[in-house]
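The values are calculated or read from the model by the stated rules, or taken from the named source; none is laboratory data. Bear in mind that the values here come from a model prediction, so they are computed numbers and not experimental data. Here the Cβ positions follow ideal geometry from the backbone for every residue, glycine too, while neighbour counts run over all protein chains shown. Surface areas here come from the heavy atoms of the whole protein model, side chains and all, with no ligands, DNA or RNA. Shrake-Rupley method; radii C 1.70, N 1.55, O 1.52, S 1.80 Å.
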Amino acid sequence: MATLFGLLWIALGQAEPPTPVSATPQPISRVRALAVEAPRTRVAVTGTVTRYRLERSIALVDPSGSIFAYIEDAVALAPGDIVEVEGIAETVSGEPCINDATYRKVGTGPIPLASPARAEDLAAGQRNAELVSLDGTVERVEIRRYEYGLVVRSGQVVFTAWVIRDLAGG
């Protein structure tokens, strides 16, 4: 069984200045809603890291949901780390995220467990930034500078799951 999650890699251009708000941490579900309803709002969340890519992104989860935070910081994190993240709520290709984010590690907890997923949901772009698991067959491996792409078939669906090379032993 492979542990996979959806990824979103798009560079954002600068838009109008962010809407100032209190940096009081909010549930991730609220930040996801703000990204759609009031884009460019400054937000803060506290969550558990499910994925970290150095100087690129963090996938976070809290009891209300999951979200990607796009970062430039180089302070290493690991799954299970608890972080406070501040940034700007936006959408990229229709998916809520926190952009221009900064973060601070505030603790360490258990690594979140992956939840079962259907390949059809992942192929449709659902469950973005979630840690999921599913059964499938690896058809081939694509090698990129920072990641391996596992091309997986699950039923009639074929998709690519990206694994960070450092974590894959590469």
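Here is how the numbers come out for the structure above:
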{"item": "Accessible-area ranking of THR48, THR102, largest first, probe 1.4 Å", "result": "THR102, THR48"}
{"item": "Whether segment 107-166 is rounded, prolate or oblate, judged on the alpha carbon gyration tensor where a/c under 1.5 counts as rounded", "result": "oblate"}
{"item": "Alpha-carbon Rg with Dmax, taken over segment 62-170, Å", "result": "15.3, 43"}
{"item": "Separation in nanometres of the label points that stand 7 Å from Cα toward Cβ, at ALA38 and THR108", "result": "3.7 nm"}
{"item": "Chain lengthening between ARG30 and VAL75 when straightened (0.36 nm per residue, less Cα-Cα)", "result": "13.6 nm"}
{"item": "Lys/Arg +1, Asp/Glu -1 at C-beta; segment 20-133 dipole; positive extreme among ALA44, LEU113, LEU77", "result": "LEU113"}
{"item": "Residue-count net charge about ARG118 - beta-carbon cut-off 13 Å; Lys, Arg +1, Asp, Glu -1", "result": "-3"}
{"item": "Solvent-accessible surface ranking, highest first, for ARG42, ARG165 at 1.4 angstrom", "result": "ARG42, ARG165"}
{"item": "Diffusion coefficient, µm² s⁻¹, Stokes-Einstein with Kirkwood Rh over alpha-carbon pairs of segment 38-85 at 25 °C and 0.890 mPa s", "result": "222 µm²/s"}
